[in-house]
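Just so it is clear, none of the values below were taken in a lab; they were calculated from the coordinates. Treat the numbers as computed from the prediction; the structure is a model and nothing was measured. Cβ sites come from the backbone with ideal geometry, for glycine too, and all protein chains shown count toward neighbours.
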Amino acid sequence: MSPWVDDRAIEIDGLSWAVRQSGAPDGRPLVYFHGTPSSRLETAFADDTAAALGVRLVSFDRPGYGGSAFAPFSLASVAVDTGRIADVLGIDRFATTGQSGGGPFSLACGAVLGERVTRVGVTSGAGPFDRVPELMAALDDNDTAAVALLPDAEEAAQQFAVGFEPFRELASADDATIVAGFRQMCSSRDGRLLDDPQVASAIAAGLRASLVQGCEGAGWDNVAWVGPWDVELDDVRRPVHLWYGDDDPFCPAVVGPWLAQHLPDATLVLREGEGHLGVVEHREEVLTTLTSD
């Protein structure tokens, strides 16, 4: 039997949001923030696990991604919108987690939504670039040029978006080509995880849907967390669980320990030899940790 999946569009103040739920419809809610670039469809790798654990897994396309209407956004604004989407879905309190570029949005929910958030998770997520030197040093020429345009967020977003054009071209290909392209960028450990057809299908579907409107949403993602954050880590008063690998080509290994040192209540798992897709390999651990009473 296929797991429960509810993929729908909801409207809030005239803007449409593409929202995906899966797992257990009456389960413990966990809001998952997709990577950059990706979409709500990324969560399909965890559908079976969420169902088995009694977790109601919720994800939505950030503005300009997939099926969600475009509007400029920031970490704080997405956190506010998360609460409004939860209202429409009839969800009061919930945990959050974010993969890669989704990580800062998970932290933002902990800072903005207060007691409404039970636990916060980050898997291979970005830290504040202006405070972690290794992150700024890892930027390519295009992104460095975009940072130089800040604080003009609109111009910076347009420049950041240029860097996602190769992903948009890749997203137009078939699943096998998308997965092969991702293998070239990721670690050998991640490559082995992509041998799982369910994982490969979720990664491909997430990318394919992400940039159908163009790269503007991804550009604003980068403005939100490569530029100065509009939330304070000190305001994240909920327990935070951090999962990182020390062989991650997308996220320097210093980020997890840095966040653990700068958050009021954080628990770090840093695994030797693991890459960017730890959330896939350890999805049962992540979902259980974040939704346990």
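At-a-glance table
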quantity: Derived scalar couplings ³J(HN,Hα) [segment 238-250; Karplus, 6.51 cos²θ - 1.76 cosθ + 1.60; whole Hz; x for Gly, Pro]; calculated: 8, x, 10, 10, 10, 10, 9, x, 8, 10, 9, x, 9
quantity: Estimated distance in nm for a label pair at R93 and R183, the labels positioned 7 Å out from Cα along Cα-to-Cβ; calculated: 4.5 nm
quantity: Length added when fully stretched, A69-D7, from 0.36 nm per residue minus Cα-Cα; calculated: 20.7 nm
quantity: Most positive-pole-ward Cα, V58, G101, F182, against dipole of the chain from beta carbon charges; calculated: V58
quantity: Residue-span extension gain [N142 to E272] - 0.36 nm each, minus C-alpha spacing; calculated: 43.7 nm
quantity: Net +/- balance of residues flanking A200 in space, Cβ distance below 13 Å, scoring K and R +1, D and E -1; calculated: -3
quantity: Burial ranking of peptide ranges 197-205, 59-67, 162-170 (average Cβ count within 10 Å, highest at the top); calculated: 59-67, 197-205, 162-170
quantity: Exposure proxy order (Cβ contacts within 10 Å, fewest to most) of V240, V147; calculated: V147, V240
quantity: Alpha carbon centroid spacing (whole Å) that separates segment 183-212 from segment 233-261; calculated: 22 Å
quantity: Spin-label pair E165/V212, simplified geometry with 7 Å Cα→Cβ offset, distance in nm; calculated: 2.3 nm
quantity: Residues in segment 112-151 that a label on V254 would reach, taking backbone N under 18 Å of a point 7 Å out along Cα→Cβ; calculated: 124-140, 144
quantity: Mean-position separation - Cα centroids, segment 1-59 and segment 99-149, in angstrom; calculated: 22 Å
quantity: Computed magnitude of the charge dipole of segment 4-291 (debye, nearest 20; Cβ of K, R +1, Cβ of D, E -1); calculated: 680 debye
quantity: Diffusion coefficient, µm² s⁻¹, Stokes-Einstein with Kirkwood Rh over alpha-carbon pairs of segment 98-183 at 25 °C and 0.890 mPa s; calculated: 161 µm²/s
quantity: Length-normalised contact order for segment 4-291 - Cα pairs under 8 Å, 6+ apart - percent; calculated: 23 percent
quantity: Sites Q198 and R237, calculated FRET efficiency, Cβ-Cβ separation with R0 51 Å, nearest 0.05; calculated: 0.90
quantity: Gaussian network model of the chain, springs between alpha carbon atoms under 10 Å - residue of D174, D81, D26 with greatest fluctuation; calculated: D26
quantity: Bridge type composition, the chain - antiparallel percent by DSSP, nearest 5; calculated: 35 percent
quantity: Extent along principal axes [Cα atoms of segment 4-291; Å; largest to smallest]; calculated: 47, 43, 41
quantity: Chain lengthening between D230 and S292 when straightened (0.36 nm per residue, less Cα-Cα); calculated: 19.4 nm
